[in-house]
Structure formats: C-alpha cells, structure tokens
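Trainee: Attaching a single structure in structure tokens format; questions to follow.
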Amino acid sequence: MKFTNGFWLTRKEYEAEYAKEMYAWTASKESLTLFAPHKAIRSRGDTLNLGLTTIDVTAPMKNVLKIRLTGHCGSVKKGPFFDLESLPPYEGVCVTATEKEASFTAGALSLKVQKGCPFLVFLKDGLPLTRTGSKGIARIKRKDDGSVFTAVSLMLDVGEHVYGLGERFTPYVKNGQVVDCWNEDGGTASEISYKNIPFYMTDRNYGVFVNHPGKVSFEVASEKVEDVQFSVKDESLEFFIIAGESQKDVLSTYTLLTGRAPLLPMWSFGLWLTTSFTTNYNEETVTSFVDGMAQRNIPLRVFHFDCFWMKEFEWCNFTWDKDMFPDPKGMLKRLHDKGLKICVWINPYIAQKSPLFNEAAELGYLVKNIDGTVWQWDMWQAGMGLVDFTNEKACHWYQSKLKALMDMGVDCFKTDFGERIPSAEDGFAIQWKSNLNDEKMHNYYTYLYNKCVFDCIKVEKGEGEAILFARSATAGSQKFPVHWGGDSTSQYVSMAESLRAGLSLMDSGFAFWSHDIGGFEDTGSADLYKRWCAFGLFSTHSRLHGSSSYRVPWVYDEESSDVLRFFVQTKCKLMPYIYSCAVEAHYTGIPVMRPMHLEFPDDMNCAVLDRQYMLGDSILVAPVFMPSHQCVDGTVRAKASCYLPKGAWTHLLSGKKVSGETWYTDEYDYYSLPVFVREGSVIPFGTIDDKPDYDYKSNLEWHVYPSVTGNQKEGKLLAADGTVAARLSVSVQKDGTVQTAGNETASVVIVG
C-alpha cells in the first residue's frame with residue numbers, strides 16, 4: 001500500500017507520523033523495549049502533543065529477533081494469531097544498554113540503536129544486514145475514516161533479490177512489485193493468489209516474517225526502490241527477522257517457527273487421475289478410465305472424484321449422488337481391489353438445498369451476520385453458508401461427515417476453496433463464534449479449514465497416511481500438504497506461470513506442490529499434454545485434472561498414453577530418491593522442488609531463473625514450454641534451453657554429458673526434456689516401475705555420476721524416521737576409476 005507521493009510528499013488521503021528518534025529504552029535479560037516519539041525531542045516541551053511508538057524486542061530462538069511495534073495499545077486488533085510452534089525461550093540472548101546506545105543479540109543476529117537516531121540497525125556477525133530508513137517506522141491515519149496503519153520499511157542492498165510471499169504468478173523475483181497478502185480465487189494469470197504468505201527472504205541470507213494473519217501489504221522496491229515496506233491496518237505490527245548462513249538455513253529456521261511438512265504416504269507420490277470438473281461421469285465412466293489406464297500399462301495410484309460425486313445444488317452434502325452412483329460403498333471396494341486409493345472433492349460451504357444446511361444453521365455451525373442471521377450468498381452454490389471452523393463443535397460436526405466417508409472407503413480429500421471468506425474489506429458485516437477479527441480471519445480461515453480435515457484423516461488413517469489436495473493457504477499451511485496451483489489454462493504460458501508460482505511457494509516454506517497436468521480450463525493440444533506430463537511427473541505430486549474435458553491420455557492420441565506411461569514409470573524408479581528428499585523436507589524444511597538460487601546461491605545466473613528447478617539437490621529439471629515441430633528426419637521435437645551451473649552434468653534419460661556454467665540448448669522428443677544430474681551425485685534408484693510405494697531398500701540400484709573435480713557425495717537412502725536405511729560411499733581415483741563401498745545387496749551403475 002502506497003502512502004507517499006514520491007520521496008517528499010504524503011498522499012493527500014493520509015496523515016503520516018514517523019518515528020524520529022530512539023528516545024529511551026528499558027532492558028532486561030530477555031527483552032529490550034524502545035520508545036520512539038514521532039518528533040525529535042530537543043526540550044521538555046517537545047514531549048507534549050505527539051505520538052510515540054513502542055518497540056518490543058525479544059528472541060524466540062537463535063538467529064531470530066521478534067520486533068513488535070505498537071501505537072495506541074488499546075486499539076490493537078484481536079485475533080486470530082498464527083499458530084507458531086511452541087519453542088523453549090532462547091537462553092543465549094545478550095542485551096546491553098547504556099545511556100547512548102542499546103543492543104540485543106541472539107546468536108549471530110543483532111539489533112543496535114543509538115539515542116537520537118530513528119534507525120533499527122540489524123547486523124549479522126557484526127556486519128550490516130539491513131535497517132529501517134529515515135521514515136522506516138510509521139503510524140499512518142486515513143483522513144476519511146480514521147483507520148490507522150502501521151508500516152515498517154527495511155532497506156535493500158545493491159543487487160539484492162527478494163523471493164517468496166507465497167504463490168505468485170507475477171515475475172518470480174519480487175523487486176518492483178506490490179503484493180497484498182489477501183487470498184482470492186483468481187486463476188493463475190493475475191496478481192491475486194490463492195496462497196498468500198507474509199514471508200519473504202533475500203539472497204543476503206535473511207528472511208522477514210510478518211506475524212499478522214490479515215491483509216499485509218508489501219511494497220517491494222516499488223513505492224521506494226531502496227526498501228521493502230510492509231504495512232497492516234492495525235495499531236500494532238509484529239515481525240521476525242531470521243538470519244542464516246544460507247537461504248536454506250533461513251527456510252529451515254522459518255519452518256521451525258511456523259511448522260514443517262509431515263511425512264506423506266509413499267502412494268501419494270504416484271499418478272492421480274480425476275473425473276474432471278463439469279464432465280459427465282458415473283461408475284461406468286470411472287471404471288472405463290481405470291481399466292483404460294490398466295490396459296495401457298499406465299501405473300495409476302489414486303482416483304479422485306471431483307465435485308459432481310454429490311448432487312448438483314447440494315455442495316456439500318457429503319452424500320453420493322444416487323442417480324450416478326447407486327452403490328458407492330461397493331464401487332469404492334471395487335476400486336480398492338484394483339489397487340487404488342480414493343480421493344473426493346469437498347469445500348467448506350453448505351448449500352441451502354443441502355439437507356445439512358438447516359442442521360448446521362440450527363446448531364449454530366455456520367458463520368453469521370452481525371444481526372445473528374446466517375450469512376449466505378449465491379456465488380458458487382445457491383444460498384450457501386460457510387462452516388465456522390472457529391467453533392470447536394462445528395469442527396467435530398464437519399469431521400463426522402468426513403469420517404463417514406472414510407468408513408465407506410475414501411482415503412483422502414481435495415479441500416478446494418477457502419479463499420472466498422467474507423469480511424468488512426469486501427463489504428460484509430459478519431461474526432465468528434470465537435468473536436475473532438474478520439479481516440484477520442479472511443486469510444486464516446484456510447488454516448483452520450485444512451487443519452480440521454487433515455487432523456481428521458490423521459486420526460482415522462493413522463500417522464503418515466494423511467494427505468490433502470488443497471488450494472488455499474496461509475503461513476503454517478505447509479503442515480497440511482499437498483497444495484496445488486489452482487485453475488490454470490491449457491496453454492504453454494499457463495504451464496510456465498504455474499511453475500513460477502510453485503517456486504515462489506517453495507521459497508515460502510512449502511515442501512510439496514502439484515498442478516493440473518494438461519491445464520484446467522479448456523482443452524489443450526496433444527503436444528501440450530505430452531509436455532505437461534513430463535513436467536507433472538517430475539513434480540513432487542502428479543495429478544491429471546481438467547474442467548470441461550477428461551484428462552485421460554487417449555482422448556488426445558495414443559502416443560500420449562505411451563508418453564504418460566514412460567514418465568510415470570520413470571518417477572516410480574526415482575521414488576527412493578524422491579522419498580529421501582521428502583524425508584529431508586520433513587526434518588529440515590528444505591523443499592523437494594528447489595528454486596535454482598536456493599541450491600546455487602553463489603551463481604548469480606541462478607538468481608532470476610524461474611523456468612527450471614532442482615528436484616532435490618542432484619537433479620535439474622527444465623520443462624519444455626514451447627510447441628514442437630517436425631524435423632527433417634520426420635521426428636517431432638521441441639527446442640529447449642536451460643542454464644547449467646558450473647561442473648559436469650549428465651542427462652538423466654540419455655546419459656549424454658554436458659559441461660556447465662553455460663546455457664545449453666538441444667532438441668527433445670516427447671520422451672525427453674532437459675533433466676540433468678549434477679556431477680558427484682549418487683542417486684538411489686528403484687527397480688520397480690509400476691507403483692511408487694514399495695520396499696526401496698530391497699529394490700535398490702545405485703546410480704553413480706563420478707565427479708571430475710573430486711567433490712563426490714555419499715549416496716543415502718533415508719527411512720521415514722530420518723535414519724539412513726542404506727548408503728554408498730564413492731571415491732574417484734587419480735586414474736579415473738571409481739571405487740564404492742557399502743550396501744552390498746544393491747547393484748551399482750556407474751553412469752559414464
């Protein structure tokens with residue numbers, strides 16, 4: 001949100017007051033409180049008729065500072081508040097205070113202030129990291145309605161790149177952008193987003209988390225090109241500065257604070273197929289899809305029923321449409337007998353025609369208007385109400401409906417929506433059972449919604465078996481995976497913007513991500529479908545889904561079936577490696593799909609790359625985003641380029657070796673794409689290619705990619721508890737021979 005008009009002027013609709021100096025402070029062993037008047041104090045008379053910002057500094061953990069700014073404390077908005085992890089207080093705090101200066105240190109991170117200066121100066125290892133500017137702490141009042149905003153500006157260094165802020169379809173590096181953290185349903189081609197996370201990090205190895213669930217507005221080198229400004233419509237603003245030795249270190253600490261992704265079931269990494277959205281389907285249709293995949297030897301692991309498994313106008317009634325599915329329990333057993341897991345679509349709305357509407361309304365389980373009536377609207381389902389997940393009894397009621405479905409044979413749920421939540425910002429006057437602030441609840445609702453469903457699955461199915469397919473998110477939602485990228489169109493440009501947003505989400509603390517293979521809206525070409533299959537199967541989770549048309553491959557052409565089979569089988573063989581990366585994500589917070597800058601922070605060419613990524617630390621993936629053409633030899637190929645960082649790289653599928661620290665261009669048929677293995681990698685492959693969940697240790701094959709520089713890594717297969725289930729030590733001798741040791745039961749393939 002912009003409050004100024006250039007460097008000098010305040011916009012005419014606002015009155016701005018800025019902290020002009022650090023006038024006084026109080027210190028204890030655990031905290032530092034600063035008092036910053038909105039006027040330079042030169043005499044006792046200057047202390048009259050002015051505002052003052054109180055700044056409280058504490059440290060929840062090593063290398064993390066919590067800063068809380070407060071104007072009028074009696075007007076601070078009520079909750080909800082983000083569900084941060086309960087951590088023991090950090091005992092290594094060092095607070096010093098003299099008459100002229102004060103400092104607060106937690107590990108390598110320090111805050112320093114001087115009497116008479118307005119700046120909060122942050123240092124890492126004693127060296128400048130960032131600081132507030134001359135107008136860096138502000139209390140701003142809107143003239144027409146008297147609403148108050150609190151704003152902070154932190155300076156950027158020359159060439160500093162800003163990443164994160166959730167799922168963003170706009171340019172990947174956030175410098176120059178205005179980002180309002182406000183969840184909305186807007187597809188994948190605009191500045192609005194389903195998943196807004198008030199956290200960013202920079203390539204100077206620090207992150208900033210604004211601990212405010214409501215609308216947080218970021219001006220990222222936009223209103224003032226030297227700063228990142230963040231503001232909230234509140235008398236108080238709390239933020240965390242997180243420092244690390246690397247960007248991975250920052251993410252690891254951030255997820256330690258807000259929560260890390262759980263271990264996911266192995267089967268979830270296989271291929272998911274859906275009925276699609278508005279298509280006609282019944283058990284016969286579903287069976288034809290499942291049998292069609294089996295007949296073509298395409299490994300299918302999960303079948304998903306989208307919205308119309310329920311009767312139209314009745315979403316959600318949690319009851320199968322008897323006209324289309326007269327024997328749902330029997331059908332689910334028949335699908336289970338074919339080796340499938342079952343997912344069904346749900347959302348948090350109860351349509352007026354649903355038999356559950358009156359039940360929920362009478363029990364007080366729906367969000368209400370200020371006058372006590374049930375809040376309703378017609379966008380999506382006629383006269384629908386919204387389940388109030390701030391009401392514990394409403395949560396149990398909702399979970400009872402899910403439990404009945406799981407007792408019938410459902411394994412997991414697609415938790416759609418969660419963004420269209422009423423608030424005063426959108427002209428609604430509503431009340432929550434827990435009397436929470438409606439502006440903060442708008443984004444936070446998705447956390448409560450997905451937590452309610454995830455917890456229910458975990459109780460019913462057991463630890464390690466819970467998984468969602470969720471669309472909306474806020475800070476901490478990474479604890480309830482998997483999230484997919486929303487409603488894309490069936491175009492190459494939409495495929496690319498989906499990846500851009502997914503990488504941004506990975507920069508925001510999320511470990512897993514998926515997208516609609518083939519695109520959601522419309523029907524793309526067979527060429528697009530085949531390229532999206534390759535991209536989808538080199539993502540952590542892989543789902544075929546569309547809106548008005550089916551996404552089974554043979555509706556495009558039979559070659560699509562061959563291409564899909566090839567990449568599903570490839571992913572199944574890669575599962576020991578992918579699952580090890582997933583275990584690492586659970587224990588460290590480092591995502592499985594990694595932006596290039598995260599893995600190669602010292603290579604400035606990687607700072608802006610948004611059309612390629614690392615799958616774990618060893619495999620580089622660059623999906624093909626261009627249409628194919630027919631070559632003179634009659635083959636159909638597409639030209640694609642990727643940047644290979646320094647070192648030798650080996651094409652995963654062909655074994656071709658390429659030197660790095662350059663852009664590499666080649667042509668690829670439908671059974672290939674730029675996917676390269678980093679030199680020195682030792683990758684645990686599997687020998688099973690028809691399912692993702694199998695005994696990895698007993699079906700293991702090590703692929704060794706020798707290092708020409710001597711930086712050979714040790715291969716590890718991780719178990720669910722984080723221990724090493726199998727390992728392979730590799731050394732390259734001076735004469736180029738490769739020696740290995742460990743895990744004698746697995747075969748070893750020296751690639752190249």
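The values are calculated or read from the model by the stated rules, or taken from the named source; none is laboratory data. Everything quoted here is computed from the prediction, not taken from an experiment. All Cβ positions, glycine included, derive from the backbone under ideal geometry; neighbour counts span all protein chains shown. Side chains are part of the model used for accessible areas, which takes the heavy atoms of the whole protein and leaves out ligands, DNA and RNA. Shrake-Rupley method; radii C 1.70, N 1.55, O 1.52, S 1.80 Å.
Trainee: Let me check against my output: what whole-number percent is the relative contact order of the chain, with C-alpha pairs under 8 Å and at least 6 apart?
Mentor: Numbers: 1860 pairs, mean separation 78.4, N = 752.
Contact order relative to length: 10 percent.
Trainee: For region 217-277, what % of the accessible area comes from carbon and sulfur atoms, probe 1.4 Å?
Mentor: 54
Trainee: May I ask you to give the solvent-accessible area per residue for the chain, in square angstrom, as obtained with a 1.4 angstrom probe? Could you put the intermediate results ahead of the total?
Mentor: Values: 27860 Å² over 752 residues.
For the chain, the per-residue accessible area is 37 Å².
Trainee: Oh, and also: Would you indicate which of (i) 30.1; (ii) 27.4; (iii) 39.7 is the value of Kirkwood radius over Cα pairs in Å derived from the coordinates of this structure?
Mentor: Given (i) 30.1; (ii) 27.4; (iii) 39.7, the structure-derived one carries the label (ii).
Trainee: Just to be sure I understand the model, the point goes 7 Å from the Cα along the line to the Cβ. What's the resulting ASN5 to ALA294 distance in nm?
Mentor: About 7.1 nm, to one decimal.
Trainee: While we're here: Percent of accessible area on region 365-425 owned by carbon and sulfur, 1.4 Å probe?
Mentor: Accessible surface attributable to carbon and sulfur in region 365-425 totals 53 percent.
Trainee: Another one. Length gain on complete extension for the stretch GLU284 to THR635, per 0.36 nm per residue less the alpha carbon to alpha carbon distance?
Mentor: Residue separation times 0.36 nm, minus the Cα-Cα distance, leaves 122.6 nm.
Trainee: Ignoring ligands and nucleic acids, what accessible area does THR98 show with a 1.4 Å probe (Å², nearest 10)?
Mentor: Solvent-accessible area, nearest 10 Å²: 80 Å².
Trainee: Helix hunt in the chain: which complete DSSP H runs extend at least 15 Å axially by C-alpha with mean Kyte-Doolittle at least 0.0? Intermediate results must be reported in sequence, preceding the final value.
Mentor: Details: long enough: 247-258 (16 Å, 0.04); 283-295 (17 Å, -0.13); 392-408 (24 Å, -0.64); 438-461 (34 Å, -0.80); 492-506 (21 Å, 0.73); 526-537 (17 Å, 0.17); 558-588 (42 Å, -0.05).
For the chain, where a helix must reach 15 Å along its axis and average at least 0.0, the hits are 247-258, 492-506, 526-537.
Trainee: Next question. For region 312-423, what proportion of DSSP beta bridges, expressed in % and rounded to the nearest 5, is antiparallel?
Mentor: So the antiparallel bridges amount to about 55 percent of the total.
Trainee: A further question follows. Classify region 34-92 as rounded, prolate or oblate, taking a ≥ b ≥ c as the square roots of the eigenvalues of its Cα gyration tensor: rounded when a/c is under 1.5, otherwise prolate if a/b is larger than b/c and oblate if not.
Mentor: Oblate is the answer for region 34-92, as a/c is 1.5 or above yet b/c matches or exceeds a/b.
Trainee: What percent do you get for the relative contact order of region 1-80 when only Cα pairs under 8 Å and 6+ apart count?
Mentor: Working: 111 pairs, mean separation 15.3, N = 80.
This gives 19 percent for region 1-80.
Trainee: For the ranges 111-119, 507-515, what's the packing order if you count other beta-carbon atoms within 10 Å of each residue, average per peptide, and put the highest first?
Mentor: 507-515, 111-119
Trainee: Give the peptides 591-599, 188-196 in descending order of average Cβ contacts within 10 Å, highest first.
Mentor: The peptides rank, most packed first, as 591-599, 188-196.
Trainee: Filter LYS77/LYS141; LYS403/LYS433; LYS124/LYS215 down to the pairs with a C-alpha to C-alpha distance above 19 Å, please.
Mentor: Long pairs (Cα-Cα over 19 Å): LYS403/LYS433; LYS124/LYS215.
Trainee: Give me the one-decimal nm value for the distance between modelled label points at VAL76 and LEU653, 7 Å along each residue's Cα-to-Cβ direction.
Mentor: Distance between the two pseudo-spin positions: 5.6 nm.
Trainee: May I ask you to give the percent of accessible area on region 563-665 that is carbon plus sulfur, with a probe radius of 1.4 Å?
Mentor: 52
Trainee: What ranking, highest mean first, results for peptides 205-216, 54-65, 254-265 when packing means the other Cβ atoms within 10 Å averaged over each residue?
Mentor: For the peptides 205-216, 54-65, 254-265, the packing ranking is 205-216, 254-265, 54-65.
Trainee: Label points 7 Å out from Cα along the Cβ direction at ALA97 and ALA382: separation in nm?
Mentor: 6.5
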